[in-house]
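> Here it is, the structure in full.
The values are calculated or read from the model by the stated rules, or taken from the named source; none is laboratory data. Please read all numbers here as calculations on a predicted model, not as lab measurements. Cβ placement follows ideal geometry from the backbone for every residue including glycine, while neighbour counts extend to all protein chains displayed.
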């Protein structure tokens, strides 16, 4: 019945998405992503409650408590309550603004958004959208699959040598690039 | 089959007294059991009352009929109290799959005489009533694999 949708979503598109219980109620919305220590795994979502006086932070929804992330809502089990959580301590790994450099020393660009795979049971940053460095590509903005061996630090993201050739602008090409990198990793 | 959208604002007639005893405000839906359990009846002097589905004798194009006043009563459980206090609306509700994808809005809900919801019509597709997961103020949630 339901048309299959891509499991990849821009983090910026998740912000503001309603959090809906299976009972059909939605009092909260996504405030931000909580990225784990590895800089790749999404460990949860911070939530906020829209109100007359603005949007108030209410706590963290752990990835394990998410039933599904769809194109229009984040689904959680009915009766789930949210409150301040120690996992909020893990907040702060916002990748936007970090430089992306290849292992052979080419600066490709600066992260302006991250691409998250939201397939059930898997929430991980699989790609980035970049403001491309002048001279690297004809495009001002491009998508790049990170691959399993990308290293994320507080300063930068180091990706495979030759990653410049994988820059693309089509989201479907990014999905293909992620799959290609996975199969290459599996066969190595 | 009864279309729920056709019931709204219909008069409720007591055939034993040949009297109008109220009007249909909204169906009371137990989403987890995929059924309509009753009707919220307004237009009565002392506030809204509940008319259990089983108490309805007939669903006509111009009126819902009951035989006597015995069937109507005050809300008794959480579902009925919630309906009186402004429960979620089914007709025109947004429909989400439990995967979080918007499927459309409810155009019509067709109910069997027993109160069981047979199907939810979204205009461009029909979802079986058994696929309903929940009904809230934000959306009707249905199983993605239905």
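> When segment A:137-173 is examined, which residues are found to be surrounded by fewer than 19 Cβ atoms within 10 Å (Cβ to Cβ) and at positive phi?
Within segment A:137-173, just A:162 meets the criteria.
Each row is one residue, and each column tells you yes or no for (1) under 30 Å from residue B:15 (Cβ atoms); (2) in the same structural domain as residue B:28 (by TED's automatic domain parsing); (3) in contact with a helix residue (DSSP H, G or I) (Cβ under 9 Å, 6 or more places away or on another chain); (4) modelled with pLDDT under 95.
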| position | (1), (2), (3), (4) |
| --- | --- |
| B:61 | yes, yes, yes, yes |
| B:67 | yes, yes, yes, yes |
| B:74 | yes, yes, yes, yes |
| B:79 | yes, yes, no, yes |
| B:114 | yes, no, yes, yes |
| B:120 | no, no, yes, no |
| B:131 | no, no, no, no |
| B:134 | no, no, yes, yes |
| B:137 | no, no, no, yes |
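> What tally of residues in segment B:82-125 results from selecting those that are part of a strand (DSSP E or B) and at the interface with chain A (Cβ under 10 Å from one of its Cβ atoms)? Even if it seems obvious, please write down each step before you answer.
Going through segment B:82-125, the residues part of a strand (DSSP E or B) turn out to be B:94-97, B:102-105, B:108-111, B:116-121.
The next check asks that each one be at the interface with chain A (Cβ under 10 Å from one of its Cβ atoms); those that pass are B:94-97, B:102-103.
Adding up the residues that qualify gives 6.
> Could you tell me whether segment B:96-107 includes any residue that is surrounded by fewer than 21 Cβ atoms within 10 Å (Cβ to Cβ), over 26 Å from residue A:69 (Cβ atoms) and not assigned by TED's automatic domain parsing to the domain that holds residue B:10?
yes
> Just give me the residues in segment A:63-78 being within 7 Å of chain B (Cβ to nearest Cβ) and under 10 Å from residue A:45 (Cβ atoms), in sequence order.
Result: A:69, A:74.
> Which of the residues spanning segment A:25-58 are assigned to a loop (DSSP other than H, G, I, E, B) and either within 14 Å of chain B (Cβ to nearest Cβ) or touching a strand residue (DSSP E or B) at 6+ places or on another chain (Cβ under 6 Å) (or both)? Let's see the steps before the verdict.
Within segment A:25-58, the subset assigned to a loop (DSSP other than H, G, I, E, B) is A:25-27, A:36-40, A:52-53.
Passing the criteria: A:25, A:26, A:27, A:36, A:39, A:40.
> Taking the conditions exactly as written (farther than 15 Å from residue B:27 by Cβ and touching a residue at least 12 places away in the same chain (Cβ under 8 Å)), does residue B:76 satisfy them or not?
yes
> What are the residues in segment B:132-146 that are more than 8 Å from every other protein chain (Cβ to nearest Cβ) and either more than 17 Å from residue B:28 (Cβ to Cβ) or surrounded by fewer than 21 Cβ atoms within 10 Å (Cβ to Cβ) (or both), if any?
So in segment B:132-146, the residues more than 8 Å from every other protein chain (Cβ to nearest Cβ) come out as B:132, B:142-143.
Residues satisfying the conditions are B:142, B:143.
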